[in-house]
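Student: Here's a structure for you.
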Amino acid sequence: MKYFFVISVMFIFNVVALAQKPRARDLGIPFTGETGKFNTITDVKGVEVGYSTIISGSGENSVGNGPVRTGVTAIFPRGKAKKFSPVYANWYSLNGNGEMTGTTWVTESGFLETPIMITNTNSVGVVRDAVLKWYVDTDWYSGEDWWYTYPVVAETYDGFLNDIYGFHVKEKHVLEAIDKASSGKIAEGNVGGGTGMMCLGFKGGTGTASRTIKIKDSIYTVGVIVQSNFGAKRNLSIAGVPVGQALMDTLNYKYNGPPKSRRQEGDGSIIVIVATDLPLLPHQLKRIAQRVPLGIGIVGGRGSNGSGDIFLAFSTANENAFNRDDMATVTMYPNDQLTPVFEATVQAVEEAIINAMVAAETMEGINGNTAYALPHDLVMELLKKYNKVD
């Protein structure tokens, strides 16, 4: 019996180990900056992330039947157990060929009052409606009889791999993502809203990273999560190496149909959410969000005409800042000291995108359309060639 127990434990350990996909640092890809414990957005205390991943069918696309390659991502700034707990926030768009609902009130009020949901382009409405219904079912506003809210729902387009016009995201998938939201390690690649996404000539998806900053005697964290679906292969750069140029004839997208599309190389979108526990006010969080494109540009993003590049930053500090009736006293980090925070944001965005690509696996979708995984071995050979790794 004892030996059976040991073998069983070893089997479970091996299954778990195999399930943990390598990340960019595991391959030896170098990055700048110190990471948090898990190198994820959930390193910011209180932040929870959950996914619903929908994968079914293969072969020719039949609208309404699939194949399906899509999902939903849920991000709770202070965890879903806290319910209504607004955080200071702001947003920025580099190129607005995309959607993030609820942002006008975020700018106007300075607060993010809801979780952040990310899905595919055609499912923004159903996700928004499902979140509103969940508020009712869970008494999100703790007994308030009359309330209004503007759910924040962002999107990127997965219609080259997914039966996007079949509207496969349902209320149950939104509830699944919410229910699974948790702290700690989170999955990357072909998961959640990032399931069917493509990036810089290879398979893209969901990625995350974090950075820590020491200020006097305190350690603060900046965490990032991306839904990465943008860019042209020719611009892909990893650790400063022109990987895309070297792999221009390697594992290119297979696109069988539909036969007509206005898609140009480089089109696509990226949603980036930045979290921090630094005490920042909304105007400062706008400045953080405006630095996100610098990280995207490092890996090869150019903000093309057909791209929705939309970013939101929030701070979990100043927990009692939101008050409907009384004055609130808040703390603010000085503007003159923000440069390290900007740098941490840029570094985390860069790594999160590469993490998404490293974790993503080759995916065949509608009509046999295929996006291939980033070839780890070839990437590392190139980094060695350019003396970026030993």
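The values are calculated or read from the model by the stated rules, or taken from the named source; none is laboratory data. A quick note: this is a predicted structure, and the numbers were derived from the prediction, not measured. Every residue, glycine among them, receives a Cβ derived from its backbone with ideal geometry; neighbour counts consider all protein chains shown. We work out accessible area using only protein heavy atoms, side chains counted, and drop any ligands, DNA or RNA first. Shrake-Rupley method; radii C 1.70, N 1.55, O 1.52, S 1.80 Å.
Student: Determine the per residue accessible area of the chain with all protein chains present and a 1.4 angstrom probe, expressed in square angstrom.
Tutor: Per residue, the chain has 45 Å² of solvent-accessible surface.
Student: Going by amide H atoms built from the backbone, whose H comes under 5 Å of the H on residue 35, apart from near neighbours?
Tutor: 212
Student: Please state the relative contact order of segment 55-153 as a whole percent: Cα pairs under 8 Å, 6+ residues apart?
Tutor: Across segment 55-153, relative contact order equals 30 percent.
Student: Computed from the coordinates I sent, Cα extents along the principal axes in Å equals one of (1) 64, 62, 49; (2) 59, 49, 45; (3) 77, 51, 40. Tell me the label.
Tutor: (1)
Student: Could you give each residue of segment 142-149 its phi-based ³J(HN,Hα) in whole Hz, using Karplus coefficients 6.51, -1.76, 1.60 with θ = phi - 60°, and x for Gly or Pro?
Tutor: These are the phi-based 3J(HN,Hα) values: 6, x, 5, 7, 10, 8, 10, 7 Hz.
Student: At 24 Å minimum axial length over the Cα atoms and a Kyte-Doolittle cut of 0.0, report the qualifying DSSP H helices in the chain, or say none.
Tutor: Sorted by number, the helices that extend far enough and score high enough are 2-19, 282-299, 339-359.
Student: Moving to a separate point now. Points 7 angstrom from Cα along the Cβ direction at residue 246 and residue 217: gap in nanometres?
Tutor: Going by the 7 Å Cα→Cβ label model, 4.8 nm.
Student: Using amide H atoms built in the peptide plane, which far-off residues or other-chain residues are under 5 Å from residue 95 H to H?
Tutor: When sequence neighbours closer than 5 places are left aside, the close amide H contacts are 309.
Student: So for the chain, taking the charge dipole from beta-carbon charges (+1 Lys/Arg, -1 Asp/Glu), which of 373, 386, 250 sits furthest toward the positive end?
Tutor: It is 386.
Student: Starting from the amide H of residue 373, placed 1.01 Å from N in the peptide plane, find each other amide H under 5 Å away whose residue is 5 or more places distant or on another chain.
Tutor: 203, 362, 363
Student: Bin all alpha-carbon pair distances of segment 215-272 at 5 Å intervals from 0 and give each bin's fraction as a whole percent.
Tutor: All Cα pairs, binned at 5 Å, distribute as 4, 12, 15, 19, 17, 11, 7, 5, 4, 3, 2, 1 percent.
Student: Once you list every other residue whose beta carbon is under 15 Å from the beta carbon of residue 22, what net charge do they have if Lys and Arg are +1 and Asp and Glu are -1?
Tutor: 0
Student: Quick check: at a probe of 1.4 Å, how many percent of the accessible area of segment 126-259 sits on carbon and sulfur atoms?
Tutor: The computed percentage sits at 52.
Student: Among residues other than residue 351 whose Cβ falls under 13 Å from its Cβ, what is the net charge (Lys/Arg +1, Asp/Glu -1)?
Tutor: Here the count lands on -3.
Student: Pop out the ³J(HN,Hα) list for segment 322-331 in order, Karplus 6.51 cos²θ - 1.76 cosθ + 1.60 with θ = phi - 60°, rounded to Hz; leave Gly and Pro as x.
Tutor: 7, 8, 7, 10, 10, 5, 10, 9, 10, 10
Student: Net charge within 13 Å of residue 190 by Cβ-Cβ distance, Lys/Arg positive one each and Asp/Glu negative one each, not counting residue 190 itself?
Tutor: -1
Student: Hey, another quick one. Normalised by the residues of segment 107-247, what does the relative contact order come to in percent, with Cα pairs under 8 Å and at least six apart?
Tutor: Reported relative contact order: 19 percent.
Student: So how much accessible area does residue 218 have, in Å² to the nearest 10, using a 1.4 Å probe?
Tutor: Accessible area of residue 218: about 50 Å².
Student: Round to the nearest 10 and report in Å² the accessible area of residue 145, as given by a 1.4 Å probe over the protein chains' heavy atoms.
Tutor: 130 Å²
Student: Please list 286, 216 in order of solvent-accessible area, largest first, computed with a 1.4 Å probe with all protein chains present.
Tutor: The residues order as 216, 286, largest area first.
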